[in-house]
Amino acid sequence: MRAPELAELGLPADTPQLLRGFARPNLSLRAAEVSGKQDRERRVDAALAEALGEPPAATGDAPRGKAIVYAPTRRAAESEAGRLTARRWRSLAYHAGLAREARGRAQRAFGAGELDLVVATNAFGMGIDEPDVRAVIHLGPPA
């Protein structure tokens, strides 16, 4: 930051600064146009398998990390969480329409590693700071 920017923040000109690049070789970004619901489900399942392996509930293996699946609507979050639970993923939906207790339970379970994934609207927040999140999947482009 330059001195004028520091001043705008109310910081002295000699404020220590840590500057880093944006290169993150451990991250990748993919986008795909899907041809319908079945194609989307197939791609979500493949992405989860690539990032996490098979559902631990189905194999008895230890989980290899967690994932967040973002859905564009509350209904889509509920539907996709149900579909993934039926596929033996330990998952819950999270959205603003849930009772506070249900949202808290889902967030605590996700943080504690009791869930493989959470299917959420943007009410879950994009700033989740969990070291073992291996995939973030969007069912539809974010607004």
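Structural remarks
- Given (1) open to solvent by less than 30 Å² (accessible area, probe 1.4 Å); (2) part of a strand (DSSP E or B); (3) closer than 23 Å to GLY60 by Cβ, number of the condition PHE110 does not satisfy: (2)
- Long-range neighbours under 7 Å by Cβ, at least six apart or interchain, first residue hydroxyl-bearing (Ser, Thr, Tyr) within region 12-27, second open to solvent by less than 100 Å² (accessible area, probe 1.4 Å): THR15/LEU6
- Of the criteria (1) in a loop (DSSP other than H, G, I, E, B); (2) touching a residue at least 24 places away in the same chain (Cβ under 8 Å); (3) out of contact with any Leu (no Cβ under 9 Å at 6 or more places or on another chain), which one ALA57 fails: (1)
- Residue identified as crowded, with 18+ Cβ neighbours inside 10 Å and assigned to a helix (DSSP H, G or I) among ARG75, ARG103: ARG103
- Of the numbered criteria (1) under 15 Å from the mean Cα position of the chain (by Cα); (2) open to solvent by 10 Å² or more (accessible area, probe 1.4 Å); (3) not β-branched (Val, Ile, Thr), the one PRO63 fails is (1).
- Residue within region 113-134 that is within 18 Å of LEU29 (Cα to Cα), open to solvent by 10 Å² or more (accessible area, probe 1.4 Å), of a type in the set (Val, Ile, Thr) and in a strand (DSSP E or B) present: yes
- Residue within region 39-54 that is of a type outside the set (A, V, I, L, M), farther than 22 Å from THR121 by Cβ and part of a loop (DSSP other than H, G, I, E, B) present: yes
The values are calculated or read from the model by the stated rules, or taken from the named source; none is laboratory data. Please read these numbers as outputs of a predicted model, since none were measured by experiment. Cβ: placed from backbone, ideal geometry, glycine included. Neighbour counts: every protein chain shown. Quick note on the areas: whole protein, heavy atoms, side chains included, nothing else; ligands and nucleic acids left out. Shrake-Rupley method; radii C 1.70, N 1.55, O 1.52, S 1.80 Å.
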